[in-house]
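Derivation of every value follows stated rules applied to the coordinates shown; laboratory data play no part. Being a predicted model, the structure only gives us computed values, none of them experimental. Cβ atoms come from the backbone with ideal geometry, glycine included; neighbour counts cover every protein chain shown.
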Amino acid sequence: MRCATSLDQLTVGQRVDVADLAAGRMRPAVVTVLQPPDHVEVRYEDGSTALHRSSAIVPGPLPPGQLALFGVGA
């Protein structure tokens, strides 16, 4: 499990885990907005949103449509 090093590793709609250092756990979320140079807005399962640096985000698998762009599953 690795944190993202740049926005290039993330896409809107992608499921991710967010490092919640205060609680000492990972929180599942979905990327809603990419804000250059290094911020990501996510929506948590409870509907709340938050803005994080990409270094706090652990990328999950890309959405199926995004994978097709790279010839995966096509």
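Go through region 5-27 and give me each residue that's β-branched (Val, Ile, Thr) and surrounded by fewer than 13 Cβ atoms within 10 Å (Cβ to Cβ). Outline the logic, then answer.
Pass one, region 5-27, residues β-branched (Val, Ile, Thr): 5, 11-12, 16, 18.
The answer is 5, and nothing else.
For region 1-60, filtering for residues that are within 12 Å of the chain's Cα centre (by Cα) and without any contact (Cβ under 8 Å) to a residue 12 or more places away in the chain leaves 2. Can you tell me which residues in region 1-32 are closer than 11 Å to residue 52 by Cβ, in a strand (DSSP E or B) and not acidic (Asp, Glu)? Passing the criteria: 16, 18, 19, 27, 29, 31. Which one is surrounded by the most Cβ atoms within 10 Å (Cβ to Cβ) among residues in region 28-55 that are over 20 Å from residue 2 (Cα atoms) and among the acidic types (Asp, Glu)? Top of the filtered list is 45.
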